[in-house]
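Beneath this line is the structure, given in structure tokens, with notes to follow.
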Amino acid sequence: MGPGKSKLKHTPSRQKGEAAFSMYWFMLPAVLGFLIYANTLGHQWCLDDYSLIIDNWVTKQGWEGIPVHFTHDYRYGYWNTVGDLYRPLSPVMFATEWAIFGNNPFPGHLINVLLYSSICFLFGLALYRWTRGAVFAMIAALLFTVHPVHTEVVANIKSRDELLAMFFLLLTWLLWQRLQHHQPKILILGLALITYTLALFSKESAVTFLPLLPLSMYAFRTKPAAKDYWLTLLFLIPTGLFLVTRRLILGDVKGLEGVSILDNVLRGATVSSTVLATAIRHIGEYIQVLVVPGPLVSDKGWNQIPLVGFGSPGVLISLIVILVGTVSIYWFWNSRKRLIFGMAWFVCTISLAANLLFLIGTSYGERLLFLPSAGFVIVVAALIRWRDAGTNPTWPGWLRKPIGIGFVGLLVLFSALTIWRNPAWYNSYTLYATDIMQSPESVKLRYHYALETGKKATEIKDASARNVLLTEALTDLEKVITAHRTYWEAYGTAGLYAYRKGDREKAMTYYQKATELNPKAAIAWSNMGIIYAERGELDQAQVVYEKAVAADTRFVDAWMNLGAIKAQKGDFSGAIDAFSKGLDYDPENPRLLMMLGSAYRDSGQPELGQPYLDKAGRLKG
């Protein structure tokens, strides 16, 4: 064998059935993926779309916001504190889409569906390239495509980070396969390093895919050379680059400090054994929803899944499943490599989300199963093909066999479940109204359901019908407060809805409790100011508005209200300063521009105010 020639060979030789297989068949999962999510294209903004897009002042700057997203944490532009996530690629895409399309969710949904369709194609193609098993690859690709657990990732625009990470990881995996057989190797390796870097900058959990690169060589290649294993160490370079960049951007932030029990139930555990037992039970929940995908729900937080000990039946069942999986990996390590590779894929990619290595920002999320679910379907495909091991059926000839017919039935069922689940993600109200039925004990879910019920009330013109919804929202908020006495956001929202019902005194009581629990509750301070202003207590209104902007310097409404109070008191210089600071964060706000222009005019400087008034007129017109 001459220099530069690969010593690697395909594990199985291509037999008649394989030779007849056309890779164009992988367009089937791509088309199917688009079709089953086509009913999401008309959806609105939902859930975390608000913090990343619709209420994010950086994203809404469009082109100007792109460099800001690269140099700040994931949710910068919405939160007032430094976050612990650095995923710049999806926020950059959101800023670009906002610059081109504005406040229009359709492009975001379309991009998500197209990305998912591409992922389904790439997944099947990559599996076939590595294994040369046409039936095996098609089974896994089609099952992955229709699995209902993916609805959160595709239907929620915010989950672009999950889609981008897997898209770039699959490209990396394909390039890694081609590296073993094609020239020039330097070019292919360079492209693989670039796509892996893009995956990391899409979502940090992409790092869990790294062990699968050498493992795929062991599982699907005959006697790979040692130097090819060592080559995987080059992927530590982009990994280090990402970690250094993340540290430079975020500093020494510790994400756990900002995580409450409402986001991760494990934060409420006082004994390490309880943390471990509950985390193990959550793994069982994840496996269960992969095997039997229902009922699907966006949140199973505290106290829907309570803290448990090792005596819990759910923990014991989860331990048995984990033990069986561990024994299987050991027992079949050299004989059933497809099966073992699928198990390894699942274990590696779920490792960060499992809350076993360290606690993360959530204890449950269907989106966290997106990448691990690919390992699950590989296991399923390996088990299905185990039954007819040694045979080499053609595709789609395999579908005419009894097991193939049963598989088609499963695809139809899962497709129907996916299409049926998608409408729940139409907007935040439909999601919470649907999911509260499946997760009634989740305090966070009930709070957000009440929040959206109150928002829906503002869309109703009839006063009596509006008050019915506000009363319903307040009833749910009282349940939340009873369950979680220190949930300051619930008090603040209850104050807002009591105010909208006309009960100012009750609203003020709620606001005071919210600010007592959290002195940085900017929105509660600001809403208190409205009540003081209505009473004519302008000095007290100014005090609470100043507390609001001190708590959140990016709170545009508070700057606007503070400026209005100062203008009422004749302090036009102070009003101009407040309005100007608000414009720093929302330069296209016509109301704020009008107020600033008027403040200049009323202060005797109409020539300075006229440009702002003109711009406000253009934006309104």
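The values are calculated or read from the model by the stated rules, or taken from the named source; none is laboratory data. Predicted model only: the values in this text are computed from it and were never measured. Ideal geometry is used to build each Cβ from the backbone, glycine not excepted, and the neighbour counts take in all protein chains shown. Heads up: the accessible areas ignore ligands, DNA and RNA and are worked out on the full protein's heavy atoms, side chains in. Shrake-Rupley method; radii C 1.70, N 1.55, O 1.52, S 1.80 Å.
Tabulated data for the structure shown
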quantity: Any hit, region 176-191, residues being within 28 Å of residue 49 (Cα to Cα) and aromatic (Phe, Trp, Tyr); calculated: no
quantity: Which numbered condition residue 524 fails, given (1) surrounded by 22 or more Cβ atoms within 10 Å (Cβ to Cβ); (2) farther than 19 Å from residue 562 by Cβ; calculated: (2)
quantity: Residue within region 214-232 that is closer than 26 Å to residue 93 by Cα, aromatic (Phe, Trp, Tyr) and part of a helix (DSSP H, G or I) present; calculated: no
quantity: Residues satisfying the stated conditions in region 545-576, i.e. surrounded by fewer than 17 Cβ atoms within 10 Å (Cβ to Cβ) and touching a residue at least 40 places away in the same chain (Cβ under 8 Å); calculated: 553
quantity: Subset of region 111-155 [under 13 Å from residue 30 (Cα atoms), open to solvent by less than 10 Å² (accessible area, probe 1.4 Å) and among the aromatic types (Phe, Trp, Tyr)]; calculated: 116, 123, 144
quantity: Positions within region 557-583 being among the polar types (S, T, N, Q) and either part of a loop (DSSP other than H, G, I, E, B) or over 39 Å from the mean Cα position of the chain (by Cα) (or both), in sequence order; calculated: 568, 573
quantity: Top-ranked residue of region 300-337 - restricted to ones that are aromatic (Phe, Trp, Tyr) and under 31 Å from the mean Cα position of the chain (by Cα), ranked as modelled with the lowest pLDDT; calculated: 302
quantity: Total residues in region 208-230, condition at pLDDT 85 or above and open to solvent by 50 Å² or more (accessible area, probe 1.4 Å); calculated: 2
quantity: Some residue of region 459-470 being buried (at least 21 other Cβ atoms within 10 Å of the Cβ), in contact (Cβ under 8 Å) with a residue 24 or more places away in the chain and on the phi < 0 side of the Ramachandran plot; calculated: yes
quantity: Yes/no for residue 613 being over 25 Å from residue 524 (Cα atoms), of a type in the set (A, V, I, L, M) and open to solvent by 70 Å² or more (accessible area, probe 1.4 Å); calculated: no
quantity: Leading residue by the ranking (nearest to residue 375 (Cα to Cα)) among those in region 233-253 that are in a helix (DSSP H, G or I) and of a type in the set (D, E, K, R); calculated: 246
quantity: Matching residues in region 359-387 - criterion: being over 19 Å from the mean Cα position of the chain (by Cα) and aromatic (Phe, Trp, Tyr); calculated: 376, 386
quantity: Condition check for residue 487: modelled with pLDDT of 95 or more, hydroxyl-bearing (Ser, Thr, Tyr) and touching a helix residue (DSSP H, G or I) at 6+ places or on another chain (Cβ under 8 Å); calculated: no
quantity: Candidates 511, 532, filtered to the one that is assigned to a helix (DSSP H, G or I), out of contact with any Pro (no Cβ under 8 Å at 6 or more places or on another chain), aromatic (Phe, Trp, Tyr) and surrounded by fewer than 22 Cβ atoms within 10 Å (Cβ to Cβ); calculated: 532
quantity: Residue in region 108-131 that is among the aliphatic types (A, V, I, L, M) and either free of Cβ contacts under 8 Å to residues at least 40 places away in the same chain or outside any helix (DSSP H, G or I) (or both) present; calculated: no
quantity: Of residues in region 577-608 being open to solvent by 40 Å² or more (accessible area, probe 1.4 Å) and of a type in the set (A, V, I, L, M), the one farthest from residue 77 (Cα to Cα); calculated: 608
quantity: Where a residue in region 188-200 is farther than 10 Å from residue 235 by Cβ and its partner, wherever it lies, is of a type in the set (Val, Ile, Thr) and open to solvent by less than 20 Å² (accessible area, probe 1.4 Å), with Cβ under 6 Å and at least six apart; calculated: 195/172
quantity: Which numbered condition residue 73 misses (of (1) in a helix (DSSP H, G or I); (2) buried (at least 21 other Cβ atoms within 10 Å of the Cβ)); calculated: (1)
quantity: Enumeration of residues in region 584-611 that are in contact with a Leu (Cβ under 8 Å, 6 or more places away or on another chain) and either part of a loop (DSSP other than H, G, I, E, B) or at pLDDT below 90 (or both); calculated: 586, 588, 589, 609
quantity: Residue list for region 262-278, filter: closer than 14 Å to residue 302 by Cβ and either within 19 Å of the chain's Cα centre (by Cα) or of a type outside the set (Val, Ile, Thr) (or both); calculated: 262, 263, 264, 265, 266, 267, 268, 269
quantity: Pair list, Cβ under 7 Å, 6 or more apart: region 244-260 residue farther than 22 Å from residue 355 by Cβ, other residue open to solvent by less than 50 Å² (accessible area, probe 1.4 Å) and at pLDDT 75 or above; calculated: 249/73; 249/86
quantity: Residues within region 473-485 that are under 25 Å from residue 532 (Cα atoms) and open to solvent by 50 Å² or more (accessible area, probe 1.4 Å), tallied; calculated: 1
quantity: Of all residues in region 280-299 being open to solvent by 60 Å² or more (accessible area, probe 1.4 Å) and either part of a loop (DSSP other than H, G, I, E, B) or at pLDDT below 85 (or both), the one that is farthest from residue 362 (Cα to Cα); calculated: 292
quantity: Unmet criterion (only one of (1) touching a helix residue (DSSP H, G or I) at 6+ places or on another chain (Cβ under 8 Å); (2) closer than 19 Å to residue 205 by Cβ; (3) not small (Gly, Ala, Ser)) for residue 336; calculated: (2)
quantity: Enumeration of residues in region 41-56 that are open to solvent by less than 50 Å² (accessible area, probe 1.4 Å) and more than 16 Å from the chain's Cα centre (by Cα); calculated: 41, 43
quantity: Number of positions in region 295-317 that are farther than 28 Å from residue 153 by Cβ, touching a helix residue (DSSP H, G or I) at 6+ places or on another chain (Cβ under 6 Å) and of a type outside the set (A, V, I, L, M, F, W, C); calculated: 1
